[in-house]
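Asker: Let me begin by handing over the structure; questions about it come next.
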Amino acid sequence: MSATAIRAPRGTLDLLGPAAAAHERVRARAAALFASAGYEQIETPAFEATELFVRGVGQATDIVEKEMYTFEDGSGRSLTLRPEGTAPVCRAYIEHGMHKRPAPVKLWYWGPFFRYERAQSGRYRQFFQVGAEAFGSADPGLDAELIALLVTLAQELDLRGLKLRIASLGTSESRAAYRQELSAFLRAHQEELPPEVRARIDTNPLRAFDAKDSRVAALMERAPLLLDRLSAQDAEHFAAVRELLDGAGIDYVVDPRLVRGLDYYTRTVFELSSSELGAQSGVGGGGRYDRLIEQLGGPPTPAIGFAAGIERLLLAAGERGASAEDRAPALYIAFAGGPPRSDERLRAFALWREALAAGIAAQVELCGRTLKRALAHADRIGVRHVAIIEGEELVLRDMRTRAQRACAAAELLYAIAQERG
Ligand code: HAM
């Protein structure tokens with residue numbers, strides 16, 4: 001009896017050939033963009049103390065309430081696979097005393113993140129994010145910079161149907177007063193609310209704007225809006241951000257009902273979506289979090305950032321995100337007489353190493369194919385040149401012209417390198 005095959009956990013993806021290459025291309029694009037804007041790469045661990053996310057992301061968020069992969073390690077510490085990157089980057093900023101560096105401190109990151117969410121197209125339990133965080137400046141120019149970077153990244157990947165929504169949540173003080181007003185409004189309409197919204201009237205009333213229920217949505221049309229309750233300084237900050245976006249010709253809509261799923265935001269929040277995606281249309285999002293560093297034990301430090309999901313960027317790019325690169329090896333090394341003798345195998349191995357050293361992508365025939373089959377295989381994978389080894393002899397075959405000529409290894413490699421320019 002054969003053993004049952006084990007499958008990948010639900011909500012995870014194996015990245016095979018072209019998918020892995022597509023991921024890598026997005027990473028490379030993002031790396032170049034961030035480097036040109038003066039962002040330094042940071043990599044933090046895939047797991048952190050659970051407390052970091054409880055304090056950082058917020059107790060009453062979906063992420064902390066039900067989406068974290070939390071476990072105890074051998075010493076009984078509570079650890080959590082990172083569901084997002086901002087809290088870990090803030091932790092590292094504090095831990096490494098980065099506030100002593102000249103401001104703004106600009107960092108970018110890339111890697112896998114984990115959320116126990118209902119898996120569907122565009123929503124996974126392990127997904128990749130690329131993100132950027134900038135610390136130490138409350139200037140609205142930094143808000144505009146981060147928004148522009150997200151939009152530029154999406155445009156460079158040729159995403160279509162893009163829509164940028166922005167809003168301001170004000171400072172925590174103005175938000176606290178507004179939350180009371182909104183809680184009172186929701187309490188006055190309690191009987192119209194489903195249990196999950198009712199349960200959050202006091203802890204997180206803003207999430208009511210996010211409810212999918214059409215009756216709640218209709219009710220929220222009449223709810224008081226935070227955007228109308230901003231302090232003069234917050235309104236001024238928001239106006240300055242909009243002025244910069246207008247001046248740069250970046251299209252956006254102000255969406256007073258924009259809700260982000262994380263609690264740390266202050267002032268500007270933004271989300272970029274694509275009409276080419278289904279229900280999970282959010283490609284990336286972010287905002288200011290001027291109090292988070294302090295909440296995590298650091299000095300008061302204004303900050304702003306965003307993250308974009310790689311799978312969603314690629315889904316929205318569709319065919320345009322597919323690999324256009326030539327992944328075929330330039331050289332295939334085969335044997336004239338089928339399975340090689342040991343001296344032929346040695347020569348093939350040496351030639352392969354020399355080819356790689358010369359920057360020529362090469363593969364050796366390792367499946368015992370006859371020459372005819374090896375040539376057919378080379379054709380199928382799109383190889384241009386085949387080196388045929390027969391005893392001491394070496395023959396170079398051009399798969400396009402079918403021309404063959406005997407030559408020495410050095411000459412063969414030189415000829416291929418020349419042709420590739
Ligand atoms: P977020 O909106 O939770 O923000 O996630 C950012 C992006 O990650 C989303 O727009 C989406 O593309 C992708 N994403 C999130 N969850 C999933 C999932 N389950 N499957 C696939 N993709 C997903 C944050 O994470 C904040 N840390 C962003 C930020 C940085 N704010 C300030 N700085």
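Asker: For the stretch 386-398, does any single residue satisfy the condition of being acidic (Asp, Glu), farther than 30 Å from Gly282 by Cα, part of a helix (DSSP H, G or I) and in contact (Cβ under 8 Å) with a residue 12 or more places away in the chain?
Answerer: no
Asker: Can you name every residue in the stretch 60-80 that is in contact (Cβ under 8 Å) with a residue 24 or more places away in the chain and either in contact with a Lys or Arg (Cβ under 6 Å, 6 or more places away or on another chain) or not in a strand (DSSP E or B) (or both)?
Answerer: Ala60, Thr61, Asp62, Ile63, Lys66, Glu67, Met68, Arg77
Asker: Mind telling me which of the residues Leu206, Leu169 ends up being under 30 Å from Ala30 (Cα atoms) and either within 16 Å of the ligand (Cβ to nearest atom) or open to solvent by less than 10 Å² (accessible area, probe 1.4 Å) (or both)?
Answerer: Leu169
Asker: Turning to a different aspect of this structure: Keeping to the stretch 12-45, report how many residues are assigned to a loop (DSSP other than H, G, I, E, B), of a type in the set (Asp, Glu) and touching a residue at least 12 places away in the same chain (Cβ under 8 Å).
Answerer: The number of residues fulfilling the criteria is 1.
Asker: Given the residues Thr370, Thr401, which is the only one that is polar (S, T, N, Q) and touching a residue at least 12 places away in the same chain (Cβ under 8 Å)?
Answerer: Only one candidate passes the filter, namely Thr370.
Asker: Still on this structure, please answer the following. Checking His99 against (1) open to solvent by 40 Å² or more (accessible area, probe 1.4 Å); (2) of a type outside the set (Val, Ile, Thr); (3) at pLDDT below 95, which single condition isn't satisfied?
Answerer: Of the numbered conditions (1) open to solvent by 40 Å² or more (accessible area, probe 1.4 Å); (2) of a type outside the set (Val, Ile, Thr); (3) at pLDDT below 95, the odd one out for His99 is (3).
Asker: Give Arg420, Arg347 a once-over and let me know the one that is out of contact with any strand residue (DSSP E or B) (no Cβ under 6 Å at 6 or more places or on another chain), basic (Lys, Arg), open to solvent by 30 Å² or more (accessible area, probe 1.4 Å) and over 30 Å from Thr152 (Cα atoms).
Answerer: Selected residue: Arg420, the only one of Arg420, Arg347 that is out of contact with any strand residue (DSSP E or B) (no Cβ under 6 Å at 6 or more places or on another chain), basic (Lys, Arg), open to solvent by 30 Å² or more (accessible area, probe 1.4 Å) and over 30 Å from Thr152 (Cα atoms).
Asker: Also, I was wondering about something else. Could you check Ile42 against (1) open to solvent by 10 Å² or more (accessible area, probe 1.4 Å); (2) farther than 14 Å from Ala307 by Cβ and say which number it fails?
Answerer: With (1) open to solvent by 10 Å² or more (accessible area, probe 1.4 Å); (2) farther than 14 Å from Ala307 by Cβ applied to Ile42, the lone miss is (2).
Asker: I'd like the residue in the stretch 87-96 that is part of a helix (DSSP H, G or I) and open to solvent by 10 Å² or more (accessible area, probe 1.4 Å) and, out of all such residues, is farthest from the ligand (Cβ to nearest atom).
Answerer: Looking at the filtered set, the residue picked out is Glu95.
Asker: Among the residues that make up the stretch 400-417, is at least one of them closer than 11 Å to Ala334 by Cβ and open to solvent by 20 Å² or more (accessible area, probe 1.4 Å)?
Answerer: Scanning the stretch 400-417, I find no residue that is closer than 11 Å to Ala334 by Cβ and open to solvent by 20 Å² or more (accessible area, probe 1.4 Å), so the answer is no.
The values are calculated or read from the model by the stated rules, or taken from the named source; none is laboratory data. The structure presented is a predicted model; accordingly, all values stated were derived computationally and were not measured. When we count neighbours, we look across all protein chains shown, and the Cβ atoms used for this are built from the backbone with ideal geometry, even at glycine. Ligands, DNA and RNA are stripped out before the accessible areas are found, and what is left, the full protein with its side chains, is counted by its heavy atoms. Shrake-Rupley method; radii C 1.70, N 1.55, O 1.52, S 1.80 Å.
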